[in-house]
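Only one structure is covered here, and it is reproduced in the block below.
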Amino acid sequence: MRIAVSASIATDHLMTFGGKFSEQLVADQLENISLSFLVDELEMRRGGVACNISYALGRLGLNPVLVGAVGADFGEYRAWLDRHGVDTSQVLVSSTRHTARFVCTTDRDQNQLASFYPGAMSEARDIDLGAIVNHTGGLDLVLIGADDPQAMVLRSKECREKGIAFAADPSQQLAIMEGPDVRELIEGATYMFTNEYEAGLAQQKTGWSADEILDRVGTRITTLGGKGVRIERKGEPPVHVRSAAVREQVDPTGVGDAFRGGFLAALAWGESLERAAEVGNAVAVHALEVTGPQEYELTKESLLRRLTDSYGPESAAAVEGHL
Ligand SMILES: Nc1ncnc2c1ncn2[C@@H]1O[C@H](COP(=O)(O)OP(=O)(O)OP(=O)(O)O)[C@@H](O)[C@H]1O
Ligand SMILES: [Mg+2]
């Protein structure tokens, strides 16, 4: 099964300032701000929903096709993804803009000054999925994740027109999308992913009830943080799969993306939805235990051990042959 992941591609540049911003802000001079903070640390973190999900899929041997728009500065990040089993040959490289970037400085008291530059991401709407289908010899599933909102809606339309199964995964973009766009994004999706908060927001934005959404998507997957995941299909009782055993919660950034990677990989292997949720949960805790969304190691041994510890030996045995 060939999976494409169409979503944001970005890096986070995180700096820490040892002092307090407030000590340098002059109350009656806020109209003429010109401040420079001497920062102690700069951390460059690989991120973007498409890359996070693809990283998990790549580590599980799926070779997903990354679909998104980047800048000429993408070289180093591309090499990292290539090394970890992601097919980056189809990304659109902008001739004028840089790759999307989140820049944030945090002071001693955890106050933050941040900016997000979407940059090349706004060109994701120019990507032609048809051309990617031709180049890659066909796609079985396209995950449409948080991205340029226009690109998300277009991608969903392209999938319906071409008869390609897709997963709608709007996550944080739900907050800024208009109701009609959310409706168009999820209509006809084979899978719809949200966390619990976003599930409510999707209902509010579309004006559709939970049942009405279920009428329009094949399977609805709602992640519940430490409580695991709920899977719903029309006409069937919902299934709940509890979360995997976690050692130490270090950083929740990217756990939802890691879950999706594990879940989709197991579906590609032909496993049941329930088993897929177990694999998703097990990959998610790998991400939860490290800082950064793509800094975890994910090996055959680490995954099987986590499945055994969390769901018993039969869970690990079912997955072992696929790794
Ligand atoms: N405390 C936890 N213990 C174990 N597993 C967790 C915990 N928190 C999250 N997870 C795992 O990660 C999955 C996704 O978590 P969650 O529902 O919080 O996603 P999210 O809100 O989209 O996260 P994010 O957007 O920050 O990546 C859960 O279904 C679960 O498998
Ligand atoms: Mg999320």
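Give the residues of the range 297-323 that are touching a residue at least 12 places away in the same chain (Cβ under 8 Å) and either buried (at least 22 other Cβ atoms within 10 Å of the Cβ) or under 19 Å from residue 229 (Cβ atoms) (or both), sorted by residue number.
If the condition is that a residue be touching a residue at least 12 places away in the same chain (Cβ under 8 Å) and either buried (at least 22 other Cβ atoms within 10 Å of the Cβ) or under 19 Å from residue 229 (Cβ atoms) (or both), then 298, 303, 306, 307, 309, 310, 311, 315, 316, 318, 319 are the ones that fit.
Picking from 62, 81, which residue would you name as being closer than 18 Å to residue 292 by Cα and touching a residue at least 12 places away in the same chain (Cβ under 8 Å)?
Working: 62 fails: closer than 18 Å to residue 292 by Cα.
When all the criteria are applied, what remains is 81.
Can you go through 306, 260 and tell me which one is touching a His at 6+ places or on another chain (Cβ under 8 Å) and within 12 Å of ligand 1 (Cβ to nearest atom)?
306
Tell me yes or no: at least one residue of the range 284-293 is more than 9 Å from ligand 1 (Cβ to nearest atom) and among the aliphatic types (A, V, I, L, M).
Checking the range 284-293: at least one residue is more than 9 Å from ligand 1 (Cβ to nearest atom) and among the aliphatic types (A, V, I, L, M).
Scan 252, 180, 238 and give me the residue that is touching an Asp or Glu at 6+ places or on another chain (Cβ under 6 Å), surrounded by fewer than 24 Cβ atoms within 10 Å (Cβ to Cβ) and not hydrophobic (A, V, I, L, M, F, W, C).
Result: 238 is the single residue among 252, 180, 238 that is touching an Asp or Glu at 6+ places or on another chain (Cβ under 6 Å), surrounded by fewer than 24 Cβ atoms within 10 Å (Cβ to Cβ) and not hydrophobic (A, V, I, L, M, F, W, C).
Which condition from (1) among the polar types (S, T, N, Q); (2) free of Cβ contacts under 8 Å to residues at least 40 places away in the same chain; (3) touching a strand residue (DSSP E or B) at 6+ places or on another chain (Cβ under 9 Å); (4) under 18 Å from residue 218 (Cα atoms) is the one that residue 203 breaks?
(3)
If only one of 129, 139, 154 is more than 24 Å from residue 62 (Cα to Cα) and modelled with pLDDT of 95 or more, which one is it?
Working: 129 fails: more than 24 Å from residue 62 (Cα to Cα); 139 fails: more than 24 Å from residue 62 (Cα to Cα).
Going through 129, 139, 154 in turn, just one is more than 24 Å from residue 62 (Cα to Cα) and modelled with pLDDT of 95 or more: 154.
Condition (residue is loosely packed, with under 13 Cβ neighbours inside 10 Å, touching a residue at least 60 places away in the same chain (Cβ under 8 Å) and in a loop (DSSP other than H, G, I, E, B)) applied to the range 9-18: is it met by at least one residue?
Yes, there is a match, as at least one residue in the range 9-18 is loosely packed, with under 13 Cβ neighbours inside 10 Å, touching a residue at least 60 places away in the same chain (Cβ under 8 Å) and in a loop (DSSP other than H, G, I, E, B).
Give the residues of the range 226-251 that are modelled with pLDDT under 95 and either within 16 Å of ligand 2 (Cβ to nearest atom) or at positive phi (or both), sorted by residue number.
235, 251, listed by residue number.
Does residue 220 satisfy being in contact with a strand residue (DSSP E or B) (Cβ under 7 Å, 6 or more places away or on another chain) and either under 30 Å from residue 126 (Cβ atoms) or buried (at least 23 other Cβ atoms within 10 Å of the Cβ) (or both)?
Criteria met by residue 220.
Please verify whether the range 44-59 includes one or more residues that are surrounded by fewer than 24 Cβ atoms within 10 Å (Cβ to Cβ), among the polar types (S, T, N, Q) and either under 33 Å from the mean Cα position of the chain (by Cα) or under 17 Å from residue 259 (Cβ atoms) (or both).
No, there is no match, as no residue in the range 44-59 is surrounded by fewer than 24 Cβ atoms within 10 Å (Cβ to Cβ), among the polar types (S, T, N, Q) and either under 33 Å from the mean Cα position of the chain (by Cα) or under 17 Å from residue 259 (Cβ atoms) (or both).
Going by the conditions given, is residue 207 more than 13 Å from ligand 1 (Cβ to nearest atom), modelled with pLDDT under 95 and more than 18 Å from the chain's Cα centre (by Cα)? Please lay out each step first, then the result.
Numbers: more than 13 Å from ligand 1 (Cβ to nearest atom): yes; modelled with pLDDT under 95: no; more than 18 Å from the chain's Cα centre (by Cα): yes.
Taking the combined requirement at face value, the residue does not satisfy it.
Inspect all residues belonging to the range 88-97 and state whether any of them is farther than 27 Å from residue 163 by Cβ and touching a Ser or Thr at 6+ places or on another chain (Cβ under 6 Å).
no
Kindly list, by first and then second residue, each pair from a residue in the range 167-184 that is within 19 Å of residue 121 (Cβ to Cβ) and touching a residue at least 60 places away in the same chain (Cβ under 8 Å) to a residue that is within 16 Å of ligand 2 (Cβ to nearest atom) and aromatic (Phe, Trp, Tyr), limited to pairs with Cβ atoms under 7 Å and residues at least 6 apart or on different chains.
Listed by first residue and then by second, the contacts come to 169/193.
Tell me whether the range 37-55 contains one or more residues that are more than 26 Å from residue 133 (Cα to Cα) and touching an Asp or Glu at 6+ places or on another chain (Cβ under 7 Å).
Yes, the range 37-55 contains a residue that is more than 26 Å from residue 133 (Cα to Cα) and touching an Asp or Glu at 6+ places or on another chain (Cβ under 7 Å).
Can you tell me which of (1) in contact with a Leu (Cβ under 8 Å, 6 or more places away or on another chain); (2) of a type outside the set (Ser, Thr, Tyr); (3) more than 16 Å from ligand 2 (Cβ to nearest atom) is the one residue 269 doesn't meet?
Checking residue 269 against (1) in contact with a Leu (Cβ under 8 Å, 6 or more places away or on another chain); (2) of a type outside the set (Ser, Thr, Tyr); (3) more than 16 Å from ligand 2 (Cβ to nearest atom), the one that fails is (1).
Could you please tell me which pairs satisfy a Cβ distance under 7 Å, a separation of 6+ or placement on different chains, a first residue in the range 250-263 that is closer than 18 Å to residue 322 by Cα and touching a residue at least 40 places away in the same chain (Cβ under 8 Å), and a second residue that is near ligand 1 (Cβ under 9 Å from one of its atoms) and of a type in the set (Phe, Trp, Tyr)?
Short answer, once both residue conditions are applied: 260/193.
The values are calculated or read from the model by the stated rules, or taken from the named source; none is laboratory data. Values in this document were obtained by computation on a predicted structure and should not be read as measured data. Neighbour counts run over all protein chains shown; Cβ positions are idealised from the backbone, glycine included.
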